[in-house]
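Novice: Below you will find the structure I want to go over with you.
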Amino acid sequence: MSDTERRPLTPPAQRLLMMEQRALFELGALFASAPILRFIGRGDRHPVLVMPGFTASDQSTMALRSLIRGWGYWAHGWQLGRNEGPTPDVLAGIRERLDALHNRHGARVSLIGWSLGGLYARYLARETPEQVRNVITLGSPLQMTRGDRTNASGLADRLQHLFDPAFIEMADHERGPLPVPATSIYTRTDGVVRWQVCLDVADGTHENVEVRGSHAGLGFNPAVIYVVADRLSLSEDGWRRFRPPFPLRALYPRPTSWRGPSPPVRSA
């Protein structure tokens, strides 16, 4: 069965949407664990571009960027204001932003995207892979196709006439493997997008990492922050799958891999 033949996905259940209020507790957990999190990363000063989710701005990623900067990387926001969707102006803006950071630092840029921001990150990695070191997505609906719904679809519908049609015409796996290493972080209790569509096709340089938490709290979730620190620390030619240390394994359920519209298959 192809994606064009499968039944469109409905949004996550209302109970999961109501549970998104957990993001406040995840933010509190971030502040409580910040003294420890500040010391888990050891950067090589390569540039990192962090892109916000739909309707959010650089303010939503301030805490994450502050930690990344403290680890020893050049952390940057996207500087395009509120994320109002993949309009031609936004897509041109993120291409210009990546090009400017690549030229400024003389190094390939790691891309981190939250929700829709993760789709931008993968778009950039396909457009200019020579400028991208790796991609980390947080709750990004990689495999959504036309007709699929999220709990943000009502607002997106009102803006969709402004979007670049080519950006949303097919699911990510239909475009082929991403040309750079990538980590997709997702949660089964996501109240905004169906967790299944956040899965990448796992292989030697692409992985999925499952955490426990909300969609709105992914950028504050200490378990997510740990994964981000671990992924950024990898050398350009030394990528490997994420393996949590034994004391933290309970925070990371065994992940699954995208295998099409049938139920996902658990990774080895």
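The values are calculated or read from the model by the stated rules, or taken from the named source; none is laboratory data. Since the structure is predicted, the reported quantities are computational estimates derived from the model, not experimental observations. Methodologically, a virtual Cβ is constructed for each residue, glycine included, from the backbone with ideal geometry; neighbour enumeration extends over all protein chains shown. Heads up: the accessible areas ignore ligands, DNA and RNA and are worked out on the full protein's heavy atoms, side chains in. Shrake-Rupley method; radii C 1.70, N 1.55, O 1.52, S 1.80 Å.
Novice: What tally of residues in the stretch 92-110 results from selecting those that are over 17 Å from Asp44 (Cα atoms), in contact (Cβ under 8 Å) with a residue 12 or more places away in the chain and open to solvent by 20 Å² or more (accessible area, probe 1.4 Å)?
Specialist: Here the count works out to 3.
Novice: If you don't mind, there's one more thing I want to ask. Is one or more of the residues making up the stretch 68-91 closer than 24 Å to Met170 by Cα, free of Cβ contacts under 8 Å to residues at least 60 places away in the same chain and open to solvent by 80 Å² or more (accessible area, probe 1.4 Å)?
Specialist: yes
Novice: Show the residue pairs meeting these rules: Cβ distance below 9 Å; 6+ apart or different chains; first residue within the stretch 248-259 and more than 21 Å from Thr205 (Cα to Cα); second residue at pLDDT 95 or above and assigned to a strand (DSSP E or B).
Specialist: From the stretch 248-259, the pairs are Leu251/Val211.
Novice: Are any of the residues in the stretch 1-19 of a type in the set (S, T, N, Q), open to solvent by less than 50 Å² (accessible area, probe 1.4 Å), modelled with pLDDT under 95 and within 23 Å of Ala166 (Cβ to Cβ)?
Specialist: yes
Novice: From the list Phe39, Phe54, pick out the single residue that is outside any helix (DSSP H, G or I), at pLDDT 95 or above and open to solvent by 10 Å² or more (accessible area, probe 1.4 Å).
Specialist: Phe54
Novice: Which condition does Leu64 not pass, out of (1) crowded, with 16+ Cβ neighbours inside 10 Å; (2) under 20 Å from Arg133 (Cα atoms); (3) without any contact (Cβ under 8 Å) to a residue 40 or more places away in the chain; (4) out of contact with any Pro (no Cβ under 8 Å at 6 or more places or on another chain), if it passes all the others?
Specialist: So Leu64 meets the others, but not (3).
Novice: Okay, next question. Out of Pro165, Pro244, Pro261, Pro179, which single residue is out of contact with any Asp or Glu (no Cβ under 7 Å at 6 or more places or on another chain), of a type outside the set (Asp, Glu), modelled with pLDDT under 95 and surrounded by fewer than 21 Cβ atoms within 10 Å (Cβ to Cβ)?
Specialist: Result of the check over Pro165, Pro244, Pro261, Pro179: Pro165.
Novice: Within the group Gly113, Gly28, which residue is free of Cβ contacts under 8 Å to residues at least 24 places away in the same chain and within 25 Å of Asp190 (Cα to Cα)?
Specialist: Gly28
Novice: For the stretch 39-59, indicate whether the set of residues that are free of Cβ contacts under 8 Å to residues at least 12 places away in the same chain and polar (S, T, N, Q) is non-empty.
Specialist: For the stretch 39-59, residues free of Cβ contacts under 8 Å to residues at least 12 places away in the same chain and polar (S, T, N, Q): present.
Novice: Here's another thing I want to ask about it. Only residues that are surrounded by 20 or more Cβ atoms within 10 Å (Cβ to Cβ), of a type in the set (Ser, Thr, Tyr) and over 13 Å from Arg175 (Cβ atoms): list them for the stretch 121-151, please.
Specialist: Thr137, Ser140, Thr150
Novice: Does Leu9 qualify as being part of a loop (DSSP other than H, G, I, E, B) and either out of contact with any Asp or Glu (no Cβ under 8 Å at 6 or more places or on another chain) or on the phi < 0 side of the Ramachandran plot (or both)?
Specialist: yes
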